[in-house]
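The next block holds one structure in the form of structure tokens; read it before the comments.
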């Protein structure tokens, strides 16, 4: 490495968040910019550690020590080439990835890990600013046509890779704009949408065709899709939310988290709002579910002017710290506090939602809760209610952020006749479904997961499609060596 003693000389530093009282007034990115010089200094903290566990920590297998070394040496264009060879969208992962690579960093055993996520984001920003991101016009066209259904991170990554392999790629999206989860599921204060639009402009110049407002299975039949394309990739995500079986669930005011978040993103994007407006303004908000989606609901509710926000979790509270010696290099099971939690949210754990209550207009006015106790019985963890803790709280908006069950079977998937696994996801073998020319990737195949894993899924599916069409592949793959490059 260029600075062998860098980790001894420099402390970990990342982009600072804007003051809470300032950032909750809008939906802009909550972080201040991070300078080029600071990024170079942070890259110097990467150790010459022999076995870089960060490689395995990253679902994409990014060559992290290599691009860190290049940044330290101020070889920004080479750093971009190194990073983009394994990650199509560093601007997305640099904003929303939880950075499992940093958990696996050798430094994290007894120190603060290298600021890999911050370095990654600044590499791509330098690349766009200096013209390193451009369309490769030397690609040899194969003549094969591939349809990608769904424009989330998996679909977009696959489209970019398939285009790089020389195939004609068309991406179908049923929503008004391209982006899927990136555009409609993640708030702007975490991922401003100009980042998506900037990337889409590059992809369009490269020849990828985007068709939004096109519901495949409705606007285009499954039969037409198979007839007009040589291969089809299903990347529609896991879109059926997990419901809550509690009395009063049907009351207006009890909504799925994604319905709430999507409306807010549609509003900011000047799109027509679908369905009756869901607003947290001047309301007592209950967020049910303690994950990232729940945290996004918290931050959005606060910006909408909620009277109060309470987030509850069925599971027990995790410890705030875990010995690195015992957990490294695995992802630590510790309590994680997001920027949204710091903006004015109360959190409770081991709480069960029992009942929703309506007012005289049939709208939500209160929620019945009870604390629970977890215990092991016959080798399984179960919970029992603590009756003395039953309570009813004022609540005019309850948001269900408790995960997703499966992709939507009705329509395209059933029309194609693909098989499903025991979890109701699309069943595949090497990303290929039970229909020979149809492949699947991302949450539709694996169930809900991280954006970075979806990008990896899209890349690996593109590799398999390329092999299916041509017998070999020119594409990078984390799980396969390049074979018989044509």
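Read-outs: derived from the displayed coordinates by stated rules, not from any lab. Just so it is clear, the structure is predicted and the values come from calculations on it, not from any experiment. Heads up, the Cβs are rebuilt from the backbone with ideal geometry, glycines too, and the neighbour counts pull from every protein chain shown.
Using r as the Cβ-Cβ distance of residue 209 and residue 342, and R0 as 56 Å, what FRET efficiency do you calculate, to the nearest 0.05? Let's see the in-between values first.
On the way: r = 43 Å, r/R0 = 0.76.
The value I calculate is 0.85.
Quick one: length gained pulling residue 320 to residue 409 fully straight, 0.36 nm per residue minus the C-alpha distance?
Details: separation 89, 0.36 × 89 = 32.04 nm, distance 3.97 nm.
In short, 28.1 nm is gained.
Using 17 Å as the cut-off for backbone N distance, which residues of the range 102-139 belong to the label zone defined by a point 7 Å from the Cα of residue 13 along Cα→Cβ?
Answer for the range 102-139: 112-123.
Could you list the residues of the range 295-320 with an amide nitrogen less than 12 Å from a label point located 7 Å from the Cα of residue 374 in the Cα-to-C-beta direction?
Output list for this probe position: 313-319.
Could you quote the convex hull projected area for the range 6-129, Cα atoms only and averaged over all directions, in nm²? The partial results should precede the final answer.
Working: hull surface 31.5 nm².
Over all viewing directions, the range 6-129 projects a mean Cα-hull area of 7.9 nm².
At residue 5 and residue 384, where each label point lies 7 Å from the Cα along Cα→Cβ, what is the point-to-point distance in nanometres?
Label at residue 5, label at residue 384, 6.2 nm between them.
Can you tell me the order of 302-308, 113-119, 222-228 when each peptide is scored by its average per-residue count of other Cβ atoms within 10 angstrom, highest first? Numbers along the way, then the final one.
On the way: 302-308: 18.0, 113-119: 25.4, 222-228: 14.3.
Highest mean packing first, the order is 113-119, 302-308, 222-228.
Helix-only mean residue ellipticity at 222 nm, the chain, DSSP H runs n ≥ 4 weighted -39,500 (n - 2.57), per residue, nearest 500. What is it? Intermediate results must be reported in sequence, preceding the final value.
On the way: 19 runs with 156 residues, N = 486.
Only helices count here, giving -8500 deg cm²/dmol.
Taking N as the number of residues in the range 158-242, what is its alpha-carbon radius of gyration divided by 2.2 N^0.38 Å? Intermediate results must be reported in sequence, preceding the final value.
Values: Rg = 13.9 Å, N = 85, 2.2 N^0.38 = 11.9 Å.
So the range 158-242 has a normalised radius of gyration of 1.16.
Would you please classify the overall shape of the range 243-402 from the alpha carbon gyration tensor, given that a ≥ b ≥ c denote the square roots of the eigenvalues, rounded means a/c under 1.5, and beyond that prolate means a/b larger than b/c while oblate covers the rest?
On the way: a/c = 2.17, a/b = 1.30, b/c = 1.67.
Oblate, since a/c reaches 1.5 and b/c is not below a/b.
Ranked highest first by average number of other Cβ atoms within 10 Å, how do 345-353, 6-14 line up? Present the calculation step by step, with values, prior to reporting the outcome.
On the way: 345-353: 18.2, 6-14: 15.1.
Per-residue Cβ counts within 10 Å, averaged per peptide and sorted highest first, yield 345-353, 6-14.
Can you figure out the FRET efficiency of residue 145 with residue 480, using R₀ = 22 Å and their beta-carbon distance, to the nearest 0.05? If you can, show how the numbers build up before the last one.
Values: r = 23 Å, r/R0 = 1.06.
It comes to 0.40.
Given a Förster distance of 35 Å, report the FRET efficiency between residue 245 and residue 221 from their Cβ-Cβ distance, rounded to the nearest 0.05.
Numbers: r = 36 Å, r/R0 = 1.02.
For residue 245 and residue 221, the calculated efficiency is 0.45.
In terms of the Cα gyration tensor, with a ≥ b ≥ c the square roots of its eigenvalues, is the range 390-486 rounded because a/c is under 1.5, prolate because a/b exceeds b/c, or oblate? Show your work: numbers first, answer last.
Working: a/c = 3.96, a/b = 2.05, b/c = 1.93.
Judged from the Cα gyration tensor, the range 390-486 comes out prolate (a/c at least 1.5, a/b above b/c).
Using 16 Å as the cut-off for backbone N distance, which residues of the range 213-233 belong to the label zone defined by a point 7 Å from the Cα of residue 274 along Cα→Cβ?
Zone members listed by number: 213-220.
Once you order the gyration tensor axes a ≥ b ≥ c over the Cα atoms, which shape class does the range 199-246 get: rounded for a/c under 1.5, otherwise prolate or oblate by comparing a/b with b/c? Display every interim value, and only then the final one.
Details: a/c = 2.76, a/b = 1.49, b/c = 1.86.
Since a/c reaches 1.5 but b/c is at least a/b, the shape of the range 199-246 is classed as oblate.
From the alpha carbon gyration tensor of the chain, can you work out the equivalent ellipsoid semi-axes (sqrt of 5 times each eigenvalue) and give them in Å, largest to smallest?
Working: eigenvalues 265, 184, 95 Å².
In descending order, the three semi-axes are 36, 30, 22 Å.
Return the distance in nm (one decimal) between the two label points of a simple spin-label model at residue 130 and residue 51, each offset 7 Å from Cα along Cα→Cβ.
3.5
In percent, how large is the relative contact order of the chain, given Cα pairs closer than 8 Å and 6 or more residues apart? Display every interim value, and only then the final one.
Values: 996 pairs, mean separation 79.7, N = 486.
After rounding, I find 16 percent.
Rank-order 398-408, 127-137 by packing density, defined as the average count of other C-beta atoms within 10 Å over each peptide's residues, highest first. Let's see the in-between values first.
Values: 398-408: 21.3, 127-137: 12.5.
Order by mean packing, descending: 398-408, 127-137.
If I stretch the segment between residue 228 and residue 28 completely, what's the gain in nm (0.36 nm per residue apart, minus their alpha carbon distance), one decimal? Before the final figure, lay out the partial values.
Values: separation 200, 0.36 × 200 = 72.00 nm, distance 4.16 nm.
Between residue 228 and residue 28, full extension yields 67.8 nm more.
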